[in-house]
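The values are calculated or read from the model by the stated rules, or taken from the named source; none is laboratory data. Predicted model only: the values in this text are computed from it and were never measured. FYI the Cβ positions are ideal-geometry reconstructions off the backbone, even for glycines, and counts take in every protein chain you see. Note: accessible area is taken over every heavy atom of the protein model, side chains too, but ligands, DNA and RNA are not part of it. Shrake-Rupley method; radii C 1.70, N 1.55, O 1.52, S 1.80 Å.
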Amino acid sequence: MGGIEFLKGHGTQNDFVLLPDPDGRLELTEARVAALCDRQRGLGADGVLRIVRSAAVGVESAGEWFMDYRNADGSIAEMCGNGVRVFVRHLVDSGLVSEREFVIGTRAGDRPVQMHADGSVTVQMGPATITGTSVTVVAGQPFSGVAVNVGNPHLVSVVEDDVDELDLRDQPDFDSDVFPEGVNLEFINLLGDNALKMRVHERGVGETRSCGTGTVAAVAAALHLAGTDTGEATVDIPGGQVIVGIRRGGSTLTGPAEIVARGELDETWWAGLGS
């Protein structure tokens, strides 16, 4: 193939364009990422995962491969839990790694991962740190929330009414003094012992069918409100279900990862987007 290789994949319907770029030669600009993710003029996705060797981009990591993740608007993001799983699925399926347990680099730090026989992936997500409280406003209605850092910022609000009733088409308001670089907003229902239901409005993307770091933040916040900092829960999101474990100093995320298509980008189209 003479064009630019791509793959399309998703983790609980949080979908991504993957760009294999082992030696770091692609010029991945904000404009190109935004065009790729646009569902009318590009392939359509919630974000882009560039698959590049850590050494090629000067990243110090115990892992050979670095996940260069970009939001749908082209902005650079620290971490994406669903994206990690899809990234891992490609590395294993393509033979770029031979083990099923290894480490990948992210902007939020190294993440140990394990791919299971059924194709699901467990990611060691690092600490989920409670950083305070704040308020978000959806369609004029305020919701108090727990601020959680999972390598990226989150605000988790427990909602009494069914989260399906929320209108998340527009960007909810939030306190930019508390979150100067923006924030991912999670809205959750407590379903009973060890079970949550969640919707999310992602920073730089909008509402998505799932958010991996958001599910970790949601469980951490729910446990915090229950007076503990350890536990495990299932999280139902519009795109499916994941399992989150929280412990002191760490967390895990387990869920599916699918590769659905592969092909090549037209080089003239790519070049026409400029730098």
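May I ask you to verify whether E264 is in the same structural domain as A34 (by TED's automatic domain parsing), more than 16 Å from L190 (Cβ to Cβ) and outside any loop (DSSP other than H, G, I, E, B)?
Here the answer is yes, as E264 does meet what is asked.
Results for (1) modelled with pLDDT under 95; (2) in contact with a helix residue (DSSP H, G or I) (Cβ under 9 Å, 6 or more places away or on another chain), shown as yes or no for each residue.
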residue	(1), (2)
R85	no, yes
S94	no, no
F102	no, yes
A108	yes, yes
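Per-residue answers, yes or no, for (1) assigned to a loop (DSSP other than H, G, I, E, B); (2) polar (S, T, N, Q); (3) modelled with pLDDT of 95 or more; (4) open to solvent by 30 Å² or more (accessible area, probe 1.4 Å):
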{"position": "P22", "(1), (2), (3), (4)": "yes, no, yes, yes"}
{"position": "R32", "(1), (2), (3), (4)": "no, no, yes, no"}
{"position": "L43", "(1), (2), (3), (4)": "yes, no, yes, yes"}
{"position": "V48", "(1), (2), (3), (4)": "no, no, yes, no"}
{"position": "A62", "(1), (2), (3), (4)": "yes, no, no, yes"}
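Between residues in region 2-27 that are within 17 Å of T268 (Cβ to Cβ) and residues that are open to solvent by 30 Å² or more (accessible area, probe 1.4 Å) and small (G, A, S), which pairs lie under 7 Å by C-beta distance while being six or more apart or on different chains?
E27/S275
Hey, does region 235-253 have a residue that's over 23 Å from G109 (Cα atoms) and hydroxyl-bearing (S, T, Y)? Don't jump to the end; show me each part of the working.
Looking only at region 235-253, we keep the residues that are over 23 Å from G109 (Cα atoms), and these are 235-241.
Those left that are additionally hydroxyl-bearing (S, T, Y): none.
No, region 235-253 contains no residue that is over 23 Å from G109 (Cα atoms) and hydroxyl-bearing (S, T, Y).
Against the definition (more than 15 Å from N82 (Cβ to Cβ), open to solvent by less than 40 Å² (accessible area, probe 1.4 Å) and without any contact (Cβ under 8 Å) to a residue 40 or more places away in the chain), how does A233 come out, yes or no?
In short, yes.
Out of G249, G245, I need the residue that is at pLDDT below 95 and more than 30 Å from I4 (Cβ to Cβ). Which one? Explain how you work it out, then say what you get.
Values: G245 fails: at pLDDT below 95.
Matching residue, one of G249, G245: G249.
Can you give me the ranges of the strands (runs of 3 or more DSSP E) entirely in region 103-185 with at least 1 residues that are open to solvent by 70 Å² or more (accessible area, probe 1.4 Å) and closer than 19 Å to A222 by Cα?
Fully inside region 103-185 and qualifying: 129-138, 141-149.
Among the listed residues L190, L223, which satisfies the condition of being open to solvent by 10 Å² or more (accessible area, probe 1.4 Å) and assigned to a helix (DSSP H, G or I)? Talk me through it step by step, then tell me what you get.
Details: L190 fails: assigned to a helix (DSSP H, G or I).
Just a single option satisfies the conditions, and that option is L223.
Just to check your reading of the model, which residue among A45, A77 is touching a strand residue (DSSP E or B) at 6+ places or on another chain (Cβ under 8 Å), within 25 Å of G182 (Cα to Cα), of a type outside the set (K, R) and without any contact (Cβ under 8 Å) to a residue 40 or more places away in the chain?
Going through A45, A77 in turn, the sole match is A45.
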